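Here's the structure, in structure tokens; my notes come after.
The values are calculated or read from the model by the stated rules, or taken from the named source; none is laboratory data. The structure presented is a predicted model; accordingly, all values stated were derived computationally and were not measured. Methodologically, a virtual Cβ is constructed for each residue, glycine included, from the backbone with ideal geometry; neighbour enumeration extends over all protein chains shown. With ligands, DNA and RNA removed, areas are computed over all heavy atoms of the protein, side chains included. Shrake-Rupley method; radii C 1.70, N 1.55, O 1.52, S 1.80 Å.
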Amino acid sequence: RQRALLCCVLLAAWEAAWGQLRYSVPEELPKGSFVGDVAKDLALELAALRDRGARVVSQGRTQYFALHGNSGHLVTAERIDREQLCRLVEKCVLRCEVIVEGEMKVYAIEVEITDINDNTPSFGEAEKELRMSETTTTGSRFLLSEAHDPDVGANALQSYELSGDDHFSLSVQAGADGEKPDGEKRPELVLAKALDREEAAFHELVLRASDGGEPARTGTARIRVAVLDANDNAPAFSQALYTVRVPEDVPVGSTLLTVTATDPDDGSNGDVKYSFKKVTDITSEIFDLDPDTGAIRLLRSLDFEEGDLYEFDVNDNAPEISVRSALSEISEDAPSGTVVALVHVQDRDSGANGEVRCSLGEGVPFRLERSLENYYSVVTARELDREQASEHNVTVRAADGGSPPLRSTAVLALRVLDVNDNAPVFAEARYSAQIYKIRLLENLPEGSLAFQVKATDGDEGTNAEINYSFSDITNSARELFSLDPRTGDVKVTGPLDYEDVKYYEATVEGKDGGGLIAHAKVHIDVIDVNDNAPSL
């Protein structure tokens, strides 16, 4: 009886005067910055606050606010970083209570922490190198790394800009709904002007990402495009005719003449090999041509009476490959045998030096078929798979019958178009949401992010765009949870009560743009908090 009486006295003495104050301050204020005039807003006497004592109590270990007893002002006790505290919550609100000790009164306070532009957009890779063949078709697109800005609203990432070279332009793909949140803008590099490695082997670009703050912050990434060589230049001799006069007693082994040809292509495409084109058996016994240096050397003694003039041609023409017609794109479900290019091959030399053999590079799903004389068709050898290879660079090789043979190559760039042949795949077959993982407390504020479901799709474009929805959920759960069809974010839209319902289950459906569907089970546990007082 005595304990019950004491409890009743304490409850009577504790007059809970419930009221709520709301303030708003920007993040990153210095310690001791003014938040609000609590004494004035609650009509409290400063003398009472000083004499009876008042203090601020916050949930958690860190106390972000304090109360000045002399002024009655609520001030910051720590520097507050909105991005650190509220990474997954759009509206950042901190809650605390002011307790007036002598009066046994408590007052609730909510402080919204607004964003300032304290973060610069940044790229995961500050420098990136892309490698492109000089035969890459104009209009080809290359996905670039996105920038990230943890700020929100106007302070978040807003735009991209490309500078440095007129060979390239920038295309920015926005989200399907046209909004501009961070992460919804995908920059793509577009080839606007044909490349020529002999003109420029490298192109230096700068990609800038800017937010909408005042003043705006800008992050940059450097892009270096390395242009890969294609054999698009034939060797050229320094002279059309070489003439040399030597005495008949010139020593055997002497170098009589050196012919020189150059090729502006790179690597093996620019390596020139020399050989005689037209030569008699007697001439070949007298003269030797070095295939690497072009030096013509005497093999045996000359005799003016046996011969006073020798003429011979050099195999100076490499095969010429002309792409007469070619596709730049092909659907991945194109049947085997589909023609993708028509190629003409010729060699201006005669005899064996003018006979040309053609082949394709190894490991490509294409083959050559002979058409008319000097014409070849490049056709698919099997079905293509865009998810394994979205682009193919098919190298056509031609070699003549000279000794050593001269060779040429041409590269066909072919983009494989997507068909909707992949259904979405959820990252986990079953999601489990527990309080120690996602803070799904029964007093979780409405609008808070509970968790996210995520599925991937191997297709591209609209075929890979996934729309999320609840396919199996009770009416009570539908009133408490919302599912963003675009992001898969599940948010709390109503009050949770552990004493009423301890868990919820639902099925989430992911449907891609082509109509293929995947499902995932979701189990949500509601975790109890101490929100009920003991009852007698």
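State whether one or more residues within the stretch 254-273 are outside the structural domain of SER163 (by the TED database), in contact (Cβ under 8 Å) with a residue 60 or more places away in the chain, surrounded by 12 or more Cβ atoms within 10 Å (Cβ to Cβ) and not in a loop (DSSP other than H, G, I, E, B). Yes, the stretch 254-273 contains a residue that is outside the structural domain of SER163 (by the TED database), in contact (Cβ under 8 Å) with a residue 60 or more places away in the chain, surrounded by 12 or more Cβ atoms within 10 Å (Cβ to Cβ) and not in a loop (DSSP other than H, G, I, E, B).
Quick check on SER469: is it part of a strand (DSSP E or B) and more than 22 Å from ARG186 (Cα to Cα)? Don't jump to the end; show me each part of the working.
Details: part of a strand (DSSP E or B): yes; more than 22 Å from ARG186 (Cα to Cα): yes.
In short, yes.
Here the condition is being open to solvent by less than 20 Å² (accessible area, probe 1.4 Å), small (Gly, Ala, Ser), more than 30 Å from LEU289 (Cβ to Cβ) and out of contact with any Phe, Trp or Tyr (no Cβ under 8 Å at 6 or more places or on another chain); of ALA413, ALA398, ALA389, ALA341, it holds for ALA341 alone.
Only one of SER325, SER350, SER359 is within 33 Å of the chain's Cα centre (by Cα) and either at pLDDT 90 or above or assigned by the TED database to the domain that holds SER371 (or both). Can you tell me which? Of SER325, SER350, SER359, the one residue that is within 33 Å of the chain's Cα centre (by Cα) and either at pLDDT 90 or above or assigned by the TED database to the domain that holds SER371 (or both) is SER325. Within the stretch 99-109, one or more residues are open to solvent by 40 Å² or more (accessible area, probe 1.4 Å), farther than 30 Å from LYS193 by Cβ and basic (Lys, Arg). Can you confirm whether the stretch 367-378 contains a residue that is in contact (Cβ under 8 Å) with a residue 60 or more places away in the chain and surrounded by 14 or more Cβ atoms within 10 Å (Cβ to Cβ)? No, the conditions are met nowhere in the stretch 367-378. Restricting LEU46, LEU42, LEU29 to those that are modelled with pLDDT of 90 or more, within 59 Å of the chain's Cα centre (by Cα), aliphatic (A, V, I, L, M) and open to solvent by less than 70 Å² (accessible area, probe 1.4 Å) reduces the list to LEU29. Among the residues of the stretch 212-233, those identified as buried (at least 17 other Cβ atoms within 10 Å of the Cβ) and closer than 30 Å to ALA318 by Cβ are VAL225, VAL227, LEU228, ASP229, ALA230, ASN231, ASP232, ASN233.
When residues in the stretch 281-301 are screened for being surrounded by 12 or more Cβ atoms within 10 Å (Cβ to Cβ) and modelled with pLDDT under 85, 2 of them pass. Picking from residues in the stretch 422-433 that are open to solvent by 50 Å² or more (accessible area, probe 1.4 Å) and either assigned to a loop (DSSP other than H, G, I, E, B) or out of contact with any Lys or Arg (no Cβ under 8 Å at 6 or more places or on another chain) (or both), the one that is modelled with the lowest pLDDT is SER432. Scanning the stretch 303-319 for residues that are farther than 30 Å from GLY270 by Cβ and either in contact with a helix residue (DSSP H, G or I) (Cβ under 7 Å, 6 or more places away or on another chain) or at pLDDT 90 or above (or both) yields one hit, TYR310.
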